[in-house]
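Participant: Structure in C-alpha cells, see below.
The values are calculated or read from the model by the stated rules, or taken from the named source; none is laboratory data. Quick caveat, the model's predicted, so the values are computed rather than measured. Neighbour counts run over all protein chains shown; Cβ positions are idealised from the backbone, glycine included.
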Amino acid sequence: MTFIDWSDAEGMFGLLVDFVADVRAECRGDPQRLRFVEDLLTTLRAVEAELARIPTEAALQRLKDLQESADAEFSGDPVMVHLNDLIDELERITTT
C-alpha cells in the first residue's frame with residue numbers, strides 16, 4: 001500500500017495525473033469520454049510542469065478553472081470526482 005502525504009500538494013497532483021493517464025487507457029471504446037480525458041490530461045500535465053514555479057494558490061486556481069470549464073456531461077466521471085477531491089485537499093492545506 002502506498003503512503004499518501006496529504007500535505008504534499010505536488011505529490012497529490014502527481015497521483016491525480018497518474019490516475020487520469022490510467023483512465024485514458026481504459027476508455028478506448030468510448031470516443032467522447034476518451035477525448036474528454038485526453039484534454040483533461042493535457043491540461044493537468046501543463047499545470048504539473050509549472051508546479052515548481054508557481055504558488056500552490058495559483059495551481060489551485062488553474063484547477064478550479066478547469067473544474068468550472070469541464071463539460072457538465074462528465075461532472076460525475078471518476079476523473080472529475082478525483083479532481084474535485086484534490087481541489088478540496090489543496091484548499092484545506094493552503095488555509096491551514
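Participant: What is the residue count in region 61-78 for residues that are among the charged types (D, E, K, R) and either over 16 Å from R33 (Cα atoms) or in contact with a Cys (Cβ under 7 Å, 6 or more places away or on another chain) (or both)?
Facilitator: So the answer is 4.
Participant: For residues that are in contact (Cβ under 8 Å) with a residue 12 or more places away in the chain and either under 21 Å from A72 (Cβ atoms) or surrounded by 17 or more Cβ atoms within 10 Å (Cβ to Cβ) (or both), tally how many sit in region 48-61.
Facilitator: Of the residues in that region, 2 qualify.
Participant: Moving to a separate point now. Consider region 73-91. How many of its residues are without any contact (Cβ under 8 Å) to a residue 60 or more places away in the chain and under 16 Å from E10 (Cα atoms)?
Facilitator: So the answer is 5.
Participant: Please enumerate the residues belonging to region 52-96 that are part of a loop (DSSP other than H, G, I, E, B) and either touching a Gly at 6+ places or on another chain (Cβ under 7 Å) or under 22 Å from E26 (Cβ atoms) (or both).
Facilitator: Initially, region 52-96 is screened for residues part of a loop (DSSP other than H, G, I, E, B), giving 52-55, 70-71, 75-77, 95-96.
Scanning region 52-96 gives A70, D71, S75, G76, D77.
Participant: Restricting attention to region 13-37, and to residues there that are loosely packed, with under 15 Cβ neighbours inside 10 Å and of a type in the set (D, E, K, R), which single residue is modelled with the lowest pLDDT?
Facilitator: Applying the filter and picking the extreme gives R28.
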